[in-house]
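Here, each number is a calculation from the coordinates, and none is a lab measurement. Since we're looking at a predicted model, the values are computed, not measured. Neighbour counts are summed over all protein chains in view; Cβ atoms, including those assigned to glycine, are modelled from backbone coordinates with ideal geometry.
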Amino acid sequence: MFSPVIGLLLQLSIWDLVSKSKPIPIAVLVTLLVLSLFSWTIIFSKWNVFRQARVANSRFVRAFRKASGFEQVALASEQFPISPLVAVFDFGYEEIERQIKSRGSLRNKLAVERSLQLGISEELTKLERSMNWLATVASVSPFIGLFGTVWGIIDAFQALSLGSNSLRAVAPGIAEALVTTAMGLLAAIPAAMAYNYFGNTIREQSARMEDFSLEFMNFAERHFGE
């Protein structure tokens, strides 16, 4: 029973199916295509941001560990503006400068630690930007594809209800259902994989910033500790 249907489906090109589809299946396919393109734009953008941040972090840490003072680190940090660690450093360094100017020494280490945490929180917010869109595409696309699938099956049954027993009358509706299902998966799977991958990357960046805040406090205590 299924082999004749499969044979007819293979004879139909995807373009023929789309060009002859009704408005609802076309709307479903266009929506899924837009979501897929949108998610891929985010994926390439985030991948580039994380790649540059990873390289900049590594170079900044090397410069930080070789520096003999905060002024030298501040000058070196200007070369790595994209590094999340530089933003964390700036938060802590600004607090130290305020204390040195007002009190002449570093007296409130807790305030410096809070400033570093604020820097970490701000950088994590930046890194997580657009991640919710990837999660949305990954979770919604299969359901949109399922809607198109159900609609295609309804069309196929309507063709049967009109008294047509020809497989050629049923095949387009089934083909539309399969195409929307495939399109939904094609949109959802890359978005879900990217969301998980970037989520792990963000957690790694968070751990790296936490470690750097400890290095920063050690550095501060060596230079300003009493």
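For this structure, a couple of remarks:
- Spacing of the two label points (7 Å from each Cα toward its C-beta) at Gln117 and Met193, in nm: 3.9
- Once both labels are positioned 7 Å from their Cα atoms along Cα-to-Cβ, the gap between Lys126 and Gln79 label points is 1.9 nm.
- Segment Trp47-Met217, extension gain: residue separation times 0.36 nm, minus the distance between their alpha carbons: 58.1 nm
- Here region 18-68 is described by how far its Cα atoms reach on the three principal axes: 71, 12, 6 Å, from widest to narrowest.
- Take the Cβ atoms of Val30 and Arg65, set R0 to 41 Å, and the FRET efficiency comes out at 0.20.
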